Structure formats: C-alpha cells, structure tokens
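Have a look at the structure below before the remarks.
Rule-based calculations on the coordinates, nothing more; no lab input. From a predicted model like this one, the values you see are computed outputs, not experimental measurements. Cβ: placed from backbone, ideal geometry, glycine included. Neighbour counts: every protein chain shown.
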Amino acid sequence: MVGALACLAMPVAAASCGDSVSPHDAVQLAFSSAAVDLNGVASQAVVLENTGPVAVGPVAFVAPAGFVNDGGVAVAGMALEISPAEVATLNPGDSHTVSVRISGNLGSVPDGTYRTDLRAMVANEVRATVTVQVRLSVCGREPFRVRTLTGPTQIVQGSVVQYTVDVQDANGAIPVDACVSWSVAPASAGLIDAAGRFVAYQAGPVEIEAASGLGAQGTSVTVTARNLSGAFGTVGRGTISERYSSDLWVHGAVAYQGTWSSRLGNLGNTLYVWDVVNPASPILTDSVAIDARVVNDVKVRSDGTLAVITHESSTDGLNGVTLLDLTEPRHPTVVRRFFQSLEFGVHNAWIEGNYLYLVVDGVSPSSGLRILDVSDPGNPTVVSSFYAGSSFLHDVYVRDGLAFLSHWNAGLIVLDVGNGVAGGSPTAPVEVSRIAVSGGQTHNAWYWPDAGYIFVGEEDFASPGIMHVIDARDWADLREVATFRVEGTTPHNFWLDEASEVLYLAWYGNGLRALDVSGDLWGELDRQGREIASFQYGGSGSCPGSLSVATCTWAPQVHDGRIFVADMNTGLRILQPVGF
C-alpha cells in the first residue's frame, strides 16, 4: 500500500511506477492538424490530444508576440487570442479543444499572408505545435453578408454622421470583428472611414455602400448645401506707410501695433499706439522706439497694466524684450529692457499673470522657451526654460495652465505650466504631449478647450500653407483630424470667436478668412462649404511691398464685436462681420 501511495504522489507527467519509459518520453501530445487556417472566419477550433501513456498537466497554450509575413519579418498590429489559455490535466487518450482568433488593428496591416505558432507547453517545454495562418485582403475574403445598413438619409454638407451595419454569416450568426468595406459614390462626394463615419463634401445625391464577403447593402443620401454666407464691412483704418506692420493687440479702447524689417529706410523698431474709442476713426496717440530691427510681437496682460514688446536684430546685439507700464494706456512708459539669456532675439511672447513666456530665436539648447517671473516688472527673473531638442520654436500660446509650443518641424508640443495634468508649473514646466503635424513648419496654435480642438498654422511659402485641426480631447493621443487649405499663399495668425464658433484666419495676400468650425471637424474643411467669407480689402499685389497698399494680412483679433486686423502694408484695419 505504501508503494501505491508513493506512485500516486508523483507528478502527472511521470510514467507509472511499473513503466520503464522515462517520464519525459512518456509525454506525447499532438494537435489534430498541422495548420489552422483563419481565412474568412472569425475564430477556429483546434484539438490537442494526449497520445501518450500518462496523464499530463498543466498544459499551457501560448503563441509568440505577433505574426510574421512570408519573408519571416514581424508585422505590427496583429495578435493571436487563445481560449482557454491552459488545461489542468489531460489523461491518456483525452483531447481538449482550443479556440484561436486574430485581434488587433487589422486595418493597419497590409494585404498579405501571415503566420504564427500555437504551442502546447508542459513545464516550460514545447510539446506540440500547430501553424496558424491568415491571408488578409479586401473584405471579400470573408463569408459574411451585410443584412442591414442604417444611418441618416438627409444630411447637411460638412456634418459628420455615423452609419452602422448588421453583418451575419451563412448561418445567421453575428461574427466577431467582421471586415466591412465602405464606399461612397461619387468618390468626390465625401469621406468615409472603416468604421462608417461619413462627412459630405458636396451637395446632391450620394450613395453609401457597405460590403462584406457575399453581400452588400447601400443607401441613398441627400446632401443639402451648408449655404453659409457673409461679408466684411470696413469700419475704419489707421494708416502706417513708412514701416511694415507686424503683430497687433487690442485692450479696452487702445490698439498696440508692432513693426517689421525695413521699409523706405525705416527700421521695424517702433510700437504704435492707437486710440480706437471711435473705431471709425483711429487716432495715433503715441509710439515707442526701441533698439531693434523687428518688433515682431506685442502682448498686453489681461489686467491691462503691463505690456511686452519683443526685440530682434538689435544693433547692440542684446535683443531681449521691453516691458511697458500701461497706467496711461494711450501713452505707455518703459519699465525695463531685459535681455539676460535672451540675446539671440525674441520672436514671440505671451503674458499670463505674473509670468512672461518668450520664444528665443535660433536652433540650439540656448534657444527655445524662456519663462520669466515679472511680478516685479522692474526686476524680471528667468525661472525656467524648455527646448524640444530639434528645430526652432516659433510661437507660444498659454491657456488653462497649458503652454502650446509651435516648434516648427519638431511639431506642436504641449507643456503643463500649472494645469495639473502632468504636475507642471511655470517654474518647472512638464511636457504633456506632442504631435508631428503633417507638413511641418508649425507656426502658431489656438486651443479651444470647450471643443477639445487645437487649430495649428503651417507657414509654407514654397506651396500653399494649411491650417490643421488637432483633436486634443485625450492628451495621451493627439490626432490630426482635419485641414483647411487656401490656394495661392500661406496662413499667418488666427483668432477664434468661441461664442459664435467662427475662426478668423490671416492669410497674407489672400486676406482675412472666416471659417465655421461648429460641430465635429473631420476631413478637408475647405471642401465642406464652411468658409463664411473672405476679404482682400486692399486688392491683390505685393505682400509685403515697399510702396504697396495691397492686402497683406498678418493677424486678426476679435474685440467688441469687430475684427481688428494688422496689415503689413497699410497698418490697422477695423472690420465688421456682416450676415454671419
């Protein structure tokens, strides 16, 4: 009896006490087939049998990390799901059924044949193997049928809608992750993705079709034109002809305007101050001259007490910024010129509370972002910096404790400077996320928290530039979802009227554009009837040009229901949206 108990206590993979076969050789497992073909089916069953003389267990079912193609190269986006992952014991002659299926982002995998192994393992040793293969191609490979297609039959141009399908196999069962191919006719009528999301580009009749394997279903859709219309009326203007104008900022009844480069022998070294209490007749009340060739940017703190103007190409080589006291808004006074660690030149700026965010020129660790504490404007201090490690920084925009860095070919970078999403602060900024915006040359950005979008400008002078829309509803997954293109030139700065959901875009020689950005944004916005109005208020011509009065739009700002526009050739323009 003792011998029998000792025998029962041995591991299940061991031979019986009276068997002379070694425990290792006694383990005999075999799959019922040499290969499993997953072509056209959601899942497949394979049988493992214990063909040896002893009980075996536990048996684990595993597969390598992914699939390989015909050349043995691993492919991303595919995985093998196995159920169950383990069987406790297989007695001699017993069998066990294992189900396998493919999962992952199959839409990203090119057409082709892919293989992996299903392995049965005992004590970390492979005891049986079966090849699992699949041929991915157009959805016609699957023996499924689209039974019903549901979704709207009346839609408006530019609106994003969802279509869904009911897919069944030959037995009426609903397959898991069946492949469905979507199409739209005519092909130019809109954009449809692999999930059935559709946006119409043109008005008129459209056919939406979903196909899978043996059958397809279609639906007729009528697209109504968006029918937006509007215009810009001229309210007033303040003419600057001796210098090119640059950026603009309006606070209260005063507009501050910078200057750029050299025109008619005059350097861009001056800030102009306009009284706009009567917008039909702006009055130049003062100017501030500094040591610079370019006053590229001017910003006013939200409380209206402090302004900053930037220096580039200063004759003394120190550059930096000049802080202005706005106690008398129409006659600003210089508080301090600050240049420590800013000697490369400052291209753009933003004031948020007691912190000044500055874009330092150049491509090096000495360039990038500088954050200054200006709680005492007479004694600023540099408290932190950031550089992306490649390309140069062009612009900074701060909102809700987040700094949005337009870092040219390094893309759009978002820093936590007090929001809390990543534990950052102005004195210790922390990167939240970044995205390499298609086309590069990331010039400027505007964040719209309520909608979760970031509007990004691509300043490409070699070919028409583009406005890109970034979906920022998940900071861990920034995605470009839409674009807006205007032929002929490139965009510059933007301003969003969030209450009316209208984005105003400066487009150099193409003037000012007004774009409806309501609802979901997806696809090519310039094909969706979303442009409300455009205005070349000075006509076409040199932009900029030393003697030109042609349209050369640099920046818009919405203020008191009007659009204040900085024009490089002619100075200040004040416009009124009509019929928006």
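Of note:
- Positive contributions from Lys and Arg (+1) and negative ones from Asp and Glu (-1), summed over other residues with Cβ under 11 Å from the Cβ of Tyr355, come out at 0.
- Only the Cβ atoms of Lys and Arg (+1) and of Asp and Glu (-1) were treated as charged; on that basis the dipole of segment 27-136 about its Cα centre amounts to roughly 80 debye.
- Neighbourhood charge, 12 Å Cβ-Cβ cut-off, centred on Gly519 and excluding it, Lys, Arg +1 and Asp, Glu -1: -1
- Take 479-491, 251-263 and order them by the average number of nearby Cβ atoms within 10 Å per residue, most first; the result is 251-263, 479-491.
- Counting every C-alpha pair in segment 199-325, the share spaced more than 21 angstrom apart comes to 58%.
- Listed residues Ser287, Thr310, Ala231: farthest to the positive end of the dipole of segment 231-578 (Cβ charges): Ser287
- Inter-label distance, Gln162 to Glu431: 3.4 nm, where each label sits 7 Å from its Cα along the C-beta direction.
- Segment Ser287..Arg473, full-extension length gain: 62.7 nm, with 0.36 nm per residue of separation and the alpha-carbon distance subtracted.
- Extension gain for the segment Ser546 to Ser33, taken as residue separation times 0.36 nm less the Cα-Cα distance, is 176.5 nm to one decimal.
- Counted charge near Ser262, where neighbours are those whose Cβ lies closer than 15 Å (Asp, Glu -1; Lys, Arg +1): 0
- In segment 27-136, the convex hull through the Cα atoms has an average projected area of 6.5 nm², a quarter of its surface area.
- When you work out D = kT/(6 pi eta Rh) for segment 140-224 at 37 °C and 0.692 mPa s, using the Kirkwood radius from C-alpha pairs as Rh and the Stokes-Einstein form, the result is 253 µm²/s.
- Between Val62 and Glu498, the distance separating the two model label sites (each 7 Å from Cα on the Cα→Cβ line) works out to 5.2 nm.
- Magnitude of the charge dipole, the chain, Cβ model with Lys/Arg +1 and Asp/Glu -1, debye to 20: 720 debye
- Length-normalised contact order of segment 324-415 in % [C-alpha pairs under 8 Å, at least 6 apart]: 19 percent
- Long-range Cα-Cα pairs in the chain (distance over 43 Å), rounded percent: 41 percent
- Average Cα contact separation per residue, segment 231-578, under 8 Å, 6 or more apart, as relative contact order %: 13 percent
- Normalised convex hull volume, segment 231-578, alpha-carbon set, Å³ per residue: 122 Å³
- Normalised by the number of residues in the chain, the average gap of Cα pairs under 8 Å and 6 or more apart makes the relative contact order 9 percent.
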